[in-house]
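I'd like to ask you about the structure that follows.
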Amino acid sequence: MSYLRTSWYALPNLLRFVLRRLFVGVLLCLGVTLISFILTQVVPGDPVSANLGDRAASDPVIVAVFRERYGLDKPLPEQYALYLQRLVQGDLGESQQTHRPVTTDLGQYLPATIELASAAMILALVFGIALGVIAAIKRDGWPDQLIRIISLAGVSVPTFWLALVTLYVFFFKLGIAPGVGRLNPGGKAPPAITNMFTIDSLLTGQWATFSTAISHIVLPALVLAIYTVGSITRFTRAAMLESLNQDYVRSARAKGLPERTVILRHAMRPALAAIVTVAGMAFGRMLSGTVLVESVFSWPGIGQYAYKSALALDLRAIMGVSLVVAVIYIVVNMAVDLIYALIDPRIRLG
């Protein structure tokens, strides 16, 4: 035991941090699968009726075959144990609604959500940080008051309502935005490399497809980013105000450094720690909470897949989506902590 303890502390701090987070992450994922399994069992409804319909569900032979195929005829502890056994082998089971492996479905739907959330996150960071910095510099001035109203509106407006309004105005009324979906009707998707149309079209040199994919992603990404813009703006403003009141910023100004240098090099860097935290959590929230935006814009992402799985009481699909969301949050939190160490060398990952 003492040898193992000595070997553990002999590892570099970063490696110890990653290994510890991976171990905790595995436990969290195990807990997520257990909670998802229990919640799916206690939710009112019968997966047999939800998938077969009332007519087929009235046939005992069909019901018996269905339950045997998906393991629903076994006791609940045995069902969960069999799921974990397959999970260790990388098998998430078969979806009851698509009759395909859940891993295949996730490989199809998840990239679309990652593409949408990444575009929304880029927009949120660009506008949120810029507005937050301006609000801090112009503290209590009219730009600050206007930006605070905008950020408050951003976090207050319901996403579903905003998606409907923007689609109606910019597509139906003004006609300056394309319709729903990832491409125009009849448009051919680029060769599947990452299953992200913007990336795949760039890698294969299909510039027309890339332009179409960008035009389709702008509006839903903007709607998805509105709430996060408000959050990032408020946190950036608060973090910048705290940095601007520090002695080292006053010293930089006393030395006669240009105001731009003082803001970007001396005040902005310490404020990035708070911004990274908000951005990391917002990105995880975007990936797991896009169902409303995807529904309005007919975006075939993991949100749509989770919604249909919940309606069909598709146990394997629901647990697969829950596991993916848990992994996303774990990876994002780990990345945020690593970025902390890069931004502020005083932080040590022990």
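Taking only protein heavy atoms and a 1.4 Å probe, what accessible area per residue, in Å², does the chain have with all protein chains in place?
On a per-residue basis, 55 Å².
Compute the angle between helix 102-137 and the longest alpha-carbon principal axis of the chain, please, reported from 0 to 90 degrees and rounded to the nearest 10.
It works out to around 20 degrees.
Lysines within cross-link reach of LYS188: Cα-Cα under 28 Å, excluding same-chain residues under 8 positions apart?
Of all the lysines, those that pass the test against LYS188 - Cα under 28 Å, at least 8 places apart if same chain - are LYS173, LYS308.
Determine the relative contact order of the range 186-286: mean sequence separation of Cα pairs under 8 Å and six or more apart, normalised by residue count, in whole percent.
22
What is the set of long-range amide H partners of GLU94 at a cut-off below 5 Å, with H atoms built 1.01 Å from backbone N?
Under 5 Å from the amide H of GLU94: VAL102.
So what's the Cα pair-distance distribution over the chain, bin width 10 Å, in %?
Binned Cα distances yield the sequence 5, 19, 24, 25, 17, 7, 2, 1, 0.
Give me the net charge for the shell around SER156: Cβ to Cβ below 15 angstrom, other residues only, Lys and Arg +1, Asp and Glu -1.
Summing Lys and Arg as +1 and Asp and Glu as -1 gives +2.
Also, quick follow-up: Pick from LEU19, LEU92, LEU323 the residue whose mean-square fluctuation is largest in a GNM of the chain, springs joining Cα atoms under 10 Å.
Maximum among the listed residues: LEU19.
Quick one: angle between helix 76-88 and the longest Cα principal axis of the chain, in degrees between 0 and 90, rounded to 10, please.
60
If I take every Cα pair under 8 Å that is 6 or more residues apart in the chain, average their sequence separation and divide by the length, what percent do I get for the relative contact order?
Relative contact order here is 27 percent.
Can you give me the % of accessible surface on the chain that is carbon or sulfur? Probe 1.4 Å, all protein chains present, nothing else counted.
Carbon and sulfur atoms account for 67 percent of the accessible area of the chain.
Give the Rg (one decimal place) followed by the Dmax (whole number) of the range 134-244, computed from C-alpha coordinates and expressed in Å.
18.4, 54
Run the reach check for LYS138 against lysines, Cα to Cα strictly under 24 Å, same-chain hits fewer than 8 apart removed. What comes back?
LYS255
Still on this model: With N set to the residue count of the range 158-304, report its C-alpha Rg divided by 2.2 N^0.38 Å to two decimal places.
Ratio of Cα Rg to 2.2 N^0.38 Å: 1.39.
Between the range 177-212 and the range 266-298, how far is it from one alpha carbon centroid to the other, in angstrom?
Value for the Cα centre distance between the two parts: 24 Å.
At 10 °C and 1.306 mPa s, grab the translational diffusion coefficient of the range 108-185 from Stokes-Einstein with a Kirkwood Rh over Cα pairs, rounded to a whole number in µm² per second.
Stokes-Einstein gives a translational diffusion coefficient of 106 µm²/s.
In degrees between 0 and 90, to the nearest 10, how far off the longest principal axis of the chain does helix 142-156 point, with axes built from Cα atoms?
For 142-156 against the chain, the angle is about 10 degrees.
Restricting attention to the range 159-211, which trypsin sites (Lys or Arg not before Pro) occupy a DSSP loop and are surrounded by at most 14 other Cβ atoms within 10 Å?
Those that pass, being in a loop and sparsely packed, are LYS188.
In percent, what relative contact order does the range 58-157 have, based on Cα pairs under 8 Å that are 6 or more apart in sequence?
10
What FRET efficiency comes out for LEU203 versus ASP140 if R0 is 56 angstrom and r is the Cβ-Cβ distance? Round to the nearest 0.05.
0.70
Between ALA335 and LEU84, what length in nm is gained on full extension when 0.36 nm per residue of separation is reduced by their alpha carbon distance?
Gain on extension, ALA335 to LEU84, equals 87.7 nm.
Go through the range 255-347 and name the trypsin sites (Lys or Arg not before Pro) that are in a DSSP coil and have 10 or fewer other Cβ atoms within 10 Å of their Cβ.
LYS255, ARG346
The values are calculated or read from the model by the stated rules, or taken from the named source; none is laboratory data. Predicted, not measured: the structure shown is a model, and the values here were computed from it. Neighbour counts are summed over all protein chains in view; Cβ atoms, including those assigned to glycine, are modelled from backbone coordinates with ideal geometry. Note: accessible area is taken over every heavy atom of the protein model, side chains too, but ligands, DNA and RNA are not part of it. Shrake-Rupley method; radii C 1.70, N 1.55, O 1.52, S 1.80 Å.
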